[in-house]
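Data first, discussion second: the structure below is written as structure tokens.
The values are calculated or read from the model by the stated rules, or taken from the named source; none is laboratory data. This structure is a prediction, so every number in the text was calculated from the model and none was measured. Here the Cβ is made from the backbone with ideal geometry for all residues, glycine too, and neighbour counts use every protein chain on show. Accessible surface is based on the protein model in full, side chains and every heavy atom, while ligands, DNA and RNA are left aside. Shrake-Rupley method; radii C 1.70, N 1.55, O 1.52, S 1.80 Å.
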Amino acid sequence: MAYKYFADNREYIEALRKTGDLVDVEQEVDWDLELGAIVRRVCEKKGPSPYFHKIKDYPGFQALGAPIATWRRLAIVLGLEPDVSVGDIVEEWRKRTSGPTHKPEIIDGKGAPCKEVILMGDEADLFELPAPMVHDGDGGRYVGTWHFVVAEDKETGFVNWGMYRQMIHDEKTMVGPVLPFSDMGKIFYNKYEPKNKPMPFATVIGPDPLSALASLAPTPLPEAEFAGQLMGEPTRLVKCETCDLYVPANAEIIIEGEVIPNVRLDEAPFGEYTGYRTSPRDKRTVYRVKCITMRKDPIMPVSNMGVPVDEGQLLRSFTLAMDMEQLLRSQGHPVTGVYMWPESTHHLIVIGVKPVYSNIAQQVGSLLLGSKAAAWFHIIVVVDDQTDIYSLDDVIHAICTKWHPVRGTILMKEGVGTPLYPFANPEERISQRCPKLILDCTFPLDWPKALLPIKVDFKTVYPKEIQEKVLANWKDYGFAD
Ligand SMILES: Cc1cc2nc3c(=O)[nH]c(=O)nc-3n(C[C@H](O)[C@H](O)[C@H](O)COP(=O)(O)O)c2cc1C
């Protein structure tokens, strides 16, 4: 059964307009910093998505800023009312991700929206696209800020969709960081580069919102199948013009070409998801462009990374937490839930457990530190089932009252890190090694029952009948809420 979803960016834009989660910006804006600055301010104010109708120098193009940067917009993407709770969004995600996966359906490319315009050879010029200069100080114009790159492992047939940023180097060349532990990194650096073979790629700009979500999630599934699972039916793909990769028919813009082996070009700096500019200009992976296809009136999505909360942090936090919950549950651990505040820029993860045996925090925490996604977080807080994992007040209270600075601290001196951690020493950033911390916020099970501290809150220290009476009479006492 298909779930409620948007087949393309445009249906989604309409839905945002209806709920008041979009602002039509009719005034012309400059792709050089002005557009980026508007998107950044919107993220910092948790405001509605700006839909830019006129971009300086680029008649015919439009842009959508901060596509899914709020919980409201994520709720809309998942077919829910915009003001539902995070818990409701989690439930919807659990429902969809426990349904069947669907292999994509290949359809005839003739007449597909993403092929209304086909630019080959000399005509395929990256500067014809309204790539923004996102932040002052960036190393160049970024054409890929909300997009994904398709690549195939020919030996296994595994097709990856991954969101990896792409900067314009010249008319026909893009460059960007592809981290070695990413799926595309594993394919290109292990299967193509050692043989000095170029790797075909397709960059999909402006996919439908669920496909974008699938591409940035740390799922082990091929992302096209994962997107199908989220939709409840297959995604519809068309063949590329210059290679046998397949891309969503309803996307806005497709860039096709080859990733060039054993060549690196300068990329960055760039304002990053941590809210800092951490990685300096350096030699990074090179994409050579052969062809650009697009709609007649393309809409360029623009994400502006920086201090939380933008869509990178919101959706990466959400999907990382959901993926880690699935991993823990798949091993039968007594988990009540897993959550990451987007404000933690997905560096801090909270695991709720029923502490039914000793040292459970060490066990669940180390499993996450050994997972594929571990590079992206370094603080794990394990709380018991008296703590509401979605409540910052509750988790801070648990850390400050249940975590013992000696007994409750499990320190891993070196784990897999990224070059982007602002707190890491320069050597740690270069070697991509990083310390990790588990905070055990559960009381030891072997403490005598009589000596267990008793939590003093409305739910725990009053008999049920008193609680019910107080709740029933609340308004009569004179309280509004
Ligand atoms: C906006 C955005 C930009 C990103 N840029 C990069 C990048 O440049 N390089 C990278 O390795 N990961 C980047 N990521 C993280 C990957 O998208 C993420 O790890 C994703 O799960 C890729 O999955 P895979 O490599 O496991 O397939 C970015 C994420 C977002 C949301």
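Bridging of Lys464 to lysines at a Cα separation below 29 Å is possible for Lys354, Lys402, Lys449, Lys455, Lys475, once same-chain residues fewer than 8 apart are set aside.
With the convex hull constructed from alpha-carbon coordinates only, the chain shows a mean projected area of 25.4 nm² over all directions. Share of antiparallel DSSP beta bridges in the chain, in percent to the nearest 5? That works out to approximately 70 percent antiparallel.
Volume per residue of the convex hull around the Cα atoms, evaluated for segment 1-60, comes out as 106 Å³. Across all Cα atoms of segment 276-389, the radius of gyration (one decimal) and Dmax (whole number) stand at 18.7, 62 Å. All Cα-Cα separations within segment 331-451 were binned at 10 Å from zero, giving a P(r) of 13, 44, 32, 9, 1, 0, each value a whole percent of the pairs. Site pair Phe423 and Arg288 shows an inter-label distance of 4.4 nm when each label is modelled 7 Å from Cα along Cα→Cβ.
Could you pull the accessible area for Cys291 with a 1.4 Å probe, rounded to 10 Å²? That residue has around 0 Å² of solvent-accessible surface. Peptide packing for 181-194, 14-27, 225-238 was compared via the average number of neighbouring C-beta atoms within 10 Å per residue; ordered from the highest value, the list is 225-238, 181-194, 14-27.
At the listed q of 0.20, 0.29 Å⁻¹, the Debye profile of segment 414-463, built from one uniform point per Cα, gives log10 I(q)/I(0) equal to -0.72, -1.05. The distance linking segment 433-481 with segment 72-115 is 36 Å (Cα centroid to Cα centroid, whole angstrom).
Measuring only protein heavy atoms, the 1.4 Å probe finds Ile410 accessible over about 50 Å². Val289 contributes about 10 Å² of solvent-accessible surface, heavy atoms of the protein only, 1.4 Å probe. Subtracting the Cα-Cα distance of Ser358 and Asp481 from 0.36 nm times their residue separation leaves 40.2 nm of extension gain. Between the C-alpha center of segment 293-331 and that of segment 337-410 there is a gap of 22 Å. Listed by chain and number, the aspartates and glutamates whose C-alpha is less than 17 Å from the C-alpha of Lys195, apart from same-chain residues fewer than 8 away, are Glu152, Asp153, Glu155, Glu258. Accessible surface of segment 9-302, 1.4 Å probe: 52 percent of it comes from carbon and sulfur atoms.
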